[in-house]
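The values are calculated or read from the model by the stated rules, or taken from the named source; none is laboratory data. Just so you know, these numbers come straight off a predicted model, no measurement behind them. Reconstructed Cβ throughout: ideal geometry from the backbone, glycine too, with neighbour counts over all protein chains shown. The area values use the complete protein model at the heavy-atom level, side chains included, leaving out ligands, DNA and RNA. Shrake-Rupley method; radii C 1.70, N 1.55, O 1.52, S 1.80 Å.
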Amino acid sequence: MDTKCIKWSPETGFDKKDLAQAAAVIAAGGLVAFPTETVYGLGGDGLRREAAKKIYEAKGRPSDNPLILHIAGWEQLGSIAERIPLVAEKLARNFWPGPLTMIFRKKDGVPDETTGGLDTVAVRMPDHPGALAFLAAAGVPVAAPSANTSGRPSPTLAAHVKEDMDGKIDMIIDGGEVGIGYESTIVDVTGKTPVILRPGFITCEMIREVVGSVETDPAILQYGQVEEDVAPRAPGMKYRHYAPRAKMTVYRGAQPAAAEKIRQQILQYISAGDYREDEIGILTTEESLWQYPRGQALAAGSRSRDTEGKYLYKVLRQFDELGVRVILSEGFDDSPKCEAVMNRLLKAAGQHVVEVD
Ligand code: TXA
Ligand code: MG
């Protein structure tokens with residue numbers, strides 16, 4: 001299949017013909033990758049089984065892992081969610097459009113293929129003018145997981161989507177680099193108290209301020225040895241996602257001690273002949289790049305500009321391209337906002353952590 005690439009930019013928006021073509025692909029049951037404020041999504045008509053099947057196939061994703069429906073307007077929610085609880089209304093008023101996905105009881109029209117057989121459905125209204133224009137033109141809820149091959153880091157550039165999806169999908173909308181760089185917060189609003197199933201840019205504190213109380217799925221807070229009996233409630237959270245090819249370890253602890261420990265480990269690797277210097281990757285932030293004169297240090301974002309994690313997935317892909325065989329990463333524990341970044345890091349590292357006192 002020939003994958004067509006069209007452009008959207010904040011200055012010029014879409015070419016009208018391009019947008020009509022993207023909508024036509026969705027109407028014909030095809031797949032369009034599109035930018036959002038979090039990561040690129042791989043979209044298909046959320047109300048058609050064949051489209052969902054194509055998404056699983058293109059990603060190589062297990063079909064028990066449900067998809068998020070993306071909507072352009074509040075009025076679309078009524079056609080897919082059985083009941084809209086008051087907390088959901090409050091959260092939507094505060095955070096939609098935005099990086100928040102809510103889980104509702106589903107209406108019958110939403111096929112099992114989209115929800116992985118669950119009787120609930122995940123819904124999000126992205127805060128991205130290009131995504132909203134595309135969704136409005138499509139006119140249906142668009143099912144979209146992150147547009148990466150299953151097990152690869154989520155795409156934050158159209159080039160990443162191309163790497164994974166070229167020849168497998170109908171169209172890619174190139175909207176440049178995304179703003180946040182990691183996936184939305186998922187909140188289950190079907191019970192009495194909302195429960196966070198996946199941390200994201202919208203933090204626990206931000207949600208608590210709006211709805212009073214919120215819980216977090218205990219399965220996503222654990223690190224170190226994963227206990228088999230604590231299955232996460234968002235099926236996708238159980239898979240080892242975002243995995244770079246290199247063996248990765250997160251050095252958890254305060255600076256400058258963690259950086260010191262990482263430098264020592266690098267020297268040890270080099271002197272023992274375990275790895276060549278160019279085979280050692282260091283994952284840090286813009287402010288700390290200078291701390292690592294040996295090895296290949298890349299920044300996942302900036303602490304001072306509040307963009308921790310913006311380049312995390314991009315950098316994980318870069319380490320693969322550089323042929324790095326081992327990655328030593330700083331931890332991100334200093335604020336509630338970083339919980340999401342730390343969660344992705346720990347998954348990339350397969351929960352491999354060194355505690356630094
Ligand atoms: O930011 C995002 O959320 C991006 C962009 C494209 O919107 N999308 C995204 O989709 O991250 P995906 O498929 O990579 O992750 C969806 C997650 C999975 O962990 C899945 O298990 C969970 O949402 N999920 C979907 N429907 C669910 C449901 N009904 N109940 C519990 N978890 C659900
Ligand atoms: Mg994903």
Every residue in region 179-220 that is within 16 Å of ligand 2 (Cβ to nearest atom) and not charged (D, E, K, R), please. 180, 181, 182, 184, 185, 186, 197, 199, 200, 201, 220
Here are some residues: 332, 319. Which one is among the aromatic types (Phe, Trp, Tyr), without any contact (Cβ under 8 Å) to a residue 60 or more places away in the chain and buried (at least 19 other Cβ atoms within 10 Å of the Cβ)? 332
For residue 347, which of the numbered conditions (1) at pLDDT below 90; (2) surrounded by fewer than 16 Cβ atoms within 10 Å (Cβ to Cβ) fails to hold? (2)
With the requirement that a residue be modelled with pLDDT of 95 or more and more than 16 Å from the chain's Cα centre (by Cα), what does region 179-202 give you? 188, 189, 190, 191, 193, 194, 195
I'm trying to understand the selection: among the residues of region 26-38, which are under 24 Å from residue 189 (Cα atoms) and open to solvent by less than 10 Å² (accessible area, probe 1.4 Å)? 36, 38
For region 134-148, the count of residues that are open to solvent by less than 10 Å² (accessible area, probe 1.4 Å) and either among the charged types (D, E, K, R) or more than 16 Å from ligand 2 (Cβ to nearest atom) (or both) equals 3
Single residue of region 149-178 satisfying the filter (of a type in the set (Asp, Glu) and within 16 Å of ligand 2 (Cβ to nearest atom)) that is nearest to the chain's Cα centre (by Cα): 164
Can you report the number of residues in region 49-84 which are surrounded by fewer than 18 Cβ atoms within 10 Å (Cβ to Cβ) and more than 11 Å from ligand 1 (Cβ to nearest atom)? 14
Filter result (farther than 16 Å from residue 306 by Cβ, of a type outside the set (Lys, Arg) and near ligand 1 (Cβ under 9 Å from one of its atoms)) within region 191-203: 197
Condition first: touching a strand residue (DSSP E or B) at 6+ places or on another chain (Cβ under 7 Å) and open to solvent by less than 30 Å² (accessible area, probe 1.4 Å). Can you find one or more residues in region 17-24 that meet it? yes
Within region 149-182, restricting to residues that are open to solvent by less than 20 Å² (accessible area, probe 1.4 Å) and more than 25 Å from residue 11 (Cα to Cα), the one that is nearest to ligand 1 (Cβ to nearest atom) is 154
Between a residue in region 260-278 that is without any contact (Cβ under 8 Å) to a residue 40 or more places away in the chain and any residue that is part of a loop (DSSP other than H, G, I, E, B) and open to solvent by 70 Å² or more (accessible area, probe 1.4 Å), which pairs come within a Cβ distance under 8 Å, given they are 6 or more apart or on different chains? 263/294; 267/294; 268/274; 270/276; 270/294; 277/294
In region 1-59, which residue that is outside any loop (DSSP other than H, G, I, E, B) and among the basic types (Lys, Arg) is nearest to ligand 2 (Cβ to nearest atom)? 59
Members of region 185-202 found to be part of a loop (DSSP other than H, G, I, E, B), open to solvent by 20 Å² or more (accessible area, probe 1.4 Å) and either over 17 Å from residue 68 (Cα atoms) or in contact with a helix residue (DSSP H, G or I) (Cβ under 7 Å, 6 or more places away or on another chain) (or both), listed by number: 191, 192, 193, 201
